[in-house]
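**Q** My questions all concern the structure below.
The values are calculated or read from the model by the stated rules, or taken from the named source; none is laboratory data. The structure presented is a predicted model; accordingly, all values stated were derived computationally and were not measured. All Cβ positions, glycine included, derive from the backbone under ideal geometry; neighbour counts span all protein chains shown.
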């Protein structure tokens, strides 16, 4: 992820300001043109990284026929600094609870 994300950003004309690869999540701060919608940014990042992950780890592709490595949902916030880790953990917990994967 640390190598792929910067390359993807360069290919699409985005400037990667910050990248953190954690066991629970991937977090980045990216500077994009105002005409780039958040949905487009996420669709491209999900597609591109899923393709690379499945090419590198074919077992994961067999276990996940959806073609999308990532769990449903994402958190997008404006700003030039990373989100506080506790905020991200709370978002993940709340999302999993809504999806029925964790008890509240």
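**Q** I'm trying to understand the selection: among the residues of region 59-104, which are more than 22 Å from residue 32 (Cβ to Cβ) and touching a strand residue (DSSP E or B) at 6+ places or on another chain (Cβ under 6 Å)?
**A** Scanning region 59-104 gives no hits.
**Q** Looking at region 26-43, which of the residues that are in contact with a helix residue (DSSP H, G or I) (Cβ under 7 Å, 6 or more places away or on another chain) and modelled with pLDDT of 95 or more is farthest from residue 81 (Cα to Cα)? Can you show your working first?
**A** Taking region 26-43 first, the residues in contact with a helix residue (DSSP H, G or I) (Cβ under 7 Å, 6 or more places away or on another chain) are 27-28, 30, 32.
Remaining after also requiring modelled with pLDDT of 95 or more: 30, 32.
Values: 30: 10, 32: 15 Å.
Only one residue fits best here, namely 32.
**Q** Being in a helix (DSSP H, G or I) and surrounded by fewer than 15 Cβ atoms within 10 Å (Cβ to Cβ) is the filter here; which residues of region 1-25 pass it?
**A** We begin by selecting, within region 1-25, every residue in a helix (DSSP H, G or I); these are 4-11.
The answer is 7, 10, 11.
**Q** Tell me, please, whether a residue that is loosely packed, with under 15 Cβ neighbours inside 10 Å, in contact with a helix residue (DSSP H, G or I) (Cβ under 8 Å, 6 or more places away or on another chain) and in contact (Cβ under 8 Å) with a residue 24 or more places away in the chain can be found in region 75-87.
**A** There is at least one residue in region 75-87 that is loosely packed, with under 15 Cβ neighbours inside 10 Å, in contact with a helix residue (DSSP H, G or I) (Cβ under 8 Å, 6 or more places away or on another chain) and in contact (Cβ under 8 Å) with a residue 24 or more places away in the chain.
**Q** Quick one: which helices (runs of 4 or more DSSP H) lie wholly within region 26-104 and hold at least 3 residues that are over 24 Å from residue 7 (Cβ atoms)? Before you say what the answer is, go through the steps one by one.
**A** Working: elements: 38-56, 58-63, 85-98.
Correct list: 85-98.
**Q** Another question about this same structure. From the residues in region 53-74 that are under 16 Å from the mean Cα position of the chain (by Cα) and surrounded by 12 or more Cβ atoms within 10 Å (Cβ to Cβ), which one is farthest from residue 28 (Cα to Cα)?
**A** Per the stated criteria, the residue is 54.
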